[in-house]
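See below for the structure under consideration.
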Amino acid sequence: MSTDALRRLTASEFTLFLRDKVGPIFGVLFPTALLSVFGNIDFFTDPANGIDGQPLLYTYTPILVGFVIAMLALNTLPPTLAGYREQGVLRRLRTTPVGPARVLGAQFAICLGTALVAVVLLLAVARFAFDVPLPRQPLAFALTALLAALALIGVAVLVAAVTPTGKAANAIGSVLFYVMMFFAGLWLPIQAMPAVLRHVSEATPLGAAVQALTDASAGHWPPAWQLLVLAGYVVVTALLGIRLFRWE
Amino acid sequence: MTTVIEVQELHKRYGDKIAVDDVSFRVDEGEIFGILGSNGAGKTTTVECVEGLRRADRGTIRVLGLDPVRDRAELTQRLGVQLQGAHLPEKLRVGEALELYRSFYREPADPATLMAALGLDSIRNTRFGKLSGGQQQRLSIALALIGNPRVAVLDELTTGLDPRARRETWRLIEDVRARGVTILLVTHFMDEAERLCDRVAVIDSGRVVALDTPAALTKRAAAELGVERATLEDAFVALTGETTDVH
């Protein structure tokens, strides 16, 4: 296996990712656009309406980071991977020296790389256009975001593993995206949720992630259990994914 | 003659169902060797074992002296494969697909030469999803040859093609053989086998029921049927019909 093949395979998958448009538009541009809309509404920027004396926009920034990760993982990976299996792309690659596993590797790399770009863009626009402070505990923020991305990629691979077609994977991925974004507080911030909902939220990967990102933004390390929830999702989905995913 | 593919007493079952019962054959260098059989006869399972996509339950397989399972990495470098059905991302362009696959191999063929030979030049910027059946087929032949293989396995090459495209594809296969590539051709079209193959193995219910040149098979069929001239299709029907009762 030459590095040239690996480089070309990743470049080719990235070209297709751009041509597909879902990831670049809804994963990268849309969350920042949503932030910009919120940032121009007084209700979101007036501390009087906020939580803990902070403007709502501060609360929404970590939620939109979760949005980026969930959108890229749940709405691009399942249809692509299940579609590749359905169309025989993975089977065809099995007959070449490269094999199909490296396509998955390329997809993960593209998902993580794009998420990094999108989160940096989001935080930069939040900071420089709308005066949202950068995360005060950057290391905790970065670690949480990485764990969240890995957990959501794990969930995405599971979806691709258990659905027969690209279309079905797309449908299930979208439903999961909305459910997870609900528990991440997109429609109702976690701090404002009733206790029962908040406890459910804490057990979901994106809910745990947003709470941990919120802590890191405010300047302290999140409680260990939140990071453990995320790490647990990473391990369990990875093990199940490896067991259940079929090339054909 | 050097033996390029050797299959001995191959056996493969899925659960209770025996897909391949006892299949043996040899393919010599430079041959176009046909595997004929009805749907579900076991021909695709047989070639999947040859390609290393499936592990045989029993029997031995050697391709260019390699074990398809154990020497998988080396085999993929030297064996060209064309599979049934579509197998590229819809938005990948023809030229991009060839460049990508070229990078997989140690000593690849020149994509420009292949594209010219297979008439892909004019569609090099067309996306896979927009190609006609014939164009997709020509691209998949090009991809099977991009690694400069000495052996190629072509599975249901002309299924779904119109008569003109089929004839063009046949000419292509003869060109490929003229370049010294040994070909294992899986088909259920008898006219295709009669036209292209030097020898054929007829598989029925997972067993080889005949192995000979198309000419010898048709001659024997004509004698048995008491007619002056029989086609390979006549021979095939006679051969596979009989064995159903025997089993």
Filter the stretch B:112-135 down to residues that are crowded, with 20+ Cβ neighbours inside 10 Å and assigned to a helix (DSSP H, G or I) and give me whichever is farthest from the other protein chains (Cβ to nearest Cβ).
B:MET115
For the stretch A:200-226, what are the residues that are within 17 Å of A:PRO133 (Cβ to Cβ) and of a type in the set (Asp, Glu)?
A:ASP215
Out of all the residues in the stretch B:50-92, which are of a type outside the set (A, V, I, L, M), more than 7 Å from chain A (Cβ to nearest Cβ), within 18 Å of the chain's Cα centre (by Cα) and not in a loop (DSSP other than H, G, I, E, B)?
B:ARG62, B:ARG78, B:GLY80, B:GLN82
Checking the condition surrounded by 23 or more Cβ atoms within 10 Å (Cβ to Cβ), under 21 Å from B:GLU192 (Cβ atoms), away from chain A (no Cβ under 13 Å) and modelled with pLDDT of 95 or more, which residue from B:VAL23, B:VAL27 passes?
B:VAL27
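A quick yes/no check of all residues on (1) aromatic (Phe, Trp, Tyr); (2) out of contact with any strand residue (DSSP E or B) (no Cβ under 6 Å at 6 or more places or on another chain); (3) part of a helix (DSSP H, G or I); (4) under 13 Å from A:TRP247 (Cβ atoms):
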residue	(1), (2), (3), (4)
A:ALA48	no, yes, yes, no
A:THR59	no, no, yes, no
A:ILE69	no, yes, yes, no
A:GLY83	no, yes, yes, no
A:LEU90	no, yes, yes, yes
A:GLN107	no, yes, yes, no
State the number of residues belonging to the stretch B:93-110 that are within 7 Å of another protein chain (Cβ to nearest Cβ) and not in a helix (DSSP H, G or I).
3
For A:THR96, work out the one condition from (1) more than 14 Å from chain B (Cβ to nearest Cβ); (2) free of Cβ contacts under 8 Å to residues at least 12 places away in the same chain it doesn't fulfil.
(1)
Tell me yes or no: at least one residue of the stretch B:234-245 is of a type in the set (D, E, K, R) and in contact (Cβ under 8 Å) with a residue 40 or more places away in the chain.
no
Taking the condition within 11 Å of chain A (Cβ to nearest Cβ), surrounded by 22 or more Cβ atoms within 10 Å (Cβ to Cβ) and out of contact with any Asp or Glu (no Cβ under 9 Å at 6 or more places or on another chain), does B:ALA142 pass?
no
Hey, any hits in the stretch B:175-182 for a residue that's crowded, with 16+ Cβ neighbours inside 10 Å and free of Cβ contacts under 8 Å to residues at least 60 places away in the same chain?
yes
Which listed residue, of A:ALA118, A:ALA82, A:ALA126, is modelled with pLDDT of 95 or more, more than 18 Å from the chain's Cα centre (by Cα), buried (at least 22 other Cβ atoms within 10 Å of the Cβ) and farther than 30 Å from B:LEU83 by Cα
A:ALA126
Which number in (1) more than 30 Å from B:PHE236 (Cα to Cα); (2) within 21 Å of the chain's Cα centre (by Cα); (3) among the aliphatic types (A, V, I, L, M); (4) more than 12 Å from every other protein chain (Cβ to nearest Cβ) marks the one condition that B:ILE32 misses?
(1)
Go through the stretch A:19-75 residue by residue and tally those that are over 23 Å from A:TYR178 (Cβ atoms), at pLDDT below 95 and of a type in the set (D, E, K, R).
3
How many residues are of a type outside the set (A, V, I, L, M, F, W, C), farther than 19 Å from B:CYS49 by Cβ and buried (at least 19 other Cβ atoms within 10 Å of the Cβ) if we restrict to the stretch B:195-223?
3
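Yes/no per residue for (1) β-branched (Val, Ile, Thr); (2) free of Cβ contacts under 8 Å to residues at least 60 places away in the same chain:
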position: B:VAL7; (1), (2): yes, yes
position: B:LEU10; (1), (2): no, yes
position: B:GLY15; (1), (2): no, yes
position: B:SER24; (1), (2): no, no
position: B:VAL27; (1), (2): yes, no
position: B:GLU51; (1), (2): no, no
position: B:ARG54; (1), (2): no, yes
position: B:ARG58; (1), (2): no, yes
Please work out if A:PRO133 is farther than 27 Å from A:TYR84 by Cα and surrounded by fewer than 19 Cβ atoms within 10 Å (Cβ to Cβ).
yes
Out of all the residues in the stretch B:202-210, is one or more over 21 Å from B:ASP21 (Cβ atoms) and either modelled with pLDDT of 90 or more or among the polar types (S, T, N, Q) (or both)?
no
Please go through the stretch A:17-44 and pick out each residue that is more than 16 Å from A:LEU112 (Cα to Cα), within 14 Å of chain B (Cβ to nearest Cβ) and part of a helix (DSSP H, G or I).
A:ARG19, A:ASP20
Out of the helices (runs of 4 or more DSSP H) lying entirely within the stretch A:144-248, which hold 2 or more residues that are in contact (Cβ under 8 Å) with a residue 60 or more places away in the chain and over 18 Å from A:THR59 (Cα atoms)?
A:166-183, A:224-244
Given the conditions (1) out of contact with any Ser or Thr (no Cβ under 6 Å at 6 or more places or on another chain); (2) farther than 20 Å from B:PRO111 by Cβ; (3) aliphatic (A, V, I, L, M); (4) away from chain A (no Cβ under 14 Å), every one holds for B:VAL176 apart from (2)
Considering only the stretch A:105-141, how many residues are within 14 Å of chain B (Cβ to nearest Cβ) and either of a type outside the set (Val, Ile, Thr) or more than 16 Å from A:ARG7 (Cβ to Cβ) (or both)?
2
Need the failing condition index for B:ASP155 against (1) free of Cβ contacts under 8 Å to residues at least 40 places away in the same chain; (2) buried (at least 16 other Cβ atoms within 10 Å of the Cβ); (3) of a type outside the set (A, V, I, L, M), just the number.
(1)
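The values are calculated or read from the model by the stated rules, or taken from the named source; none is laboratory data. Because the structure is a prediction, the values reported are computed rather than measured. Heads up, the Cβs are rebuilt from the backbone with ideal geometry, glycines too, and the neighbour counts pull from every protein chain shown.
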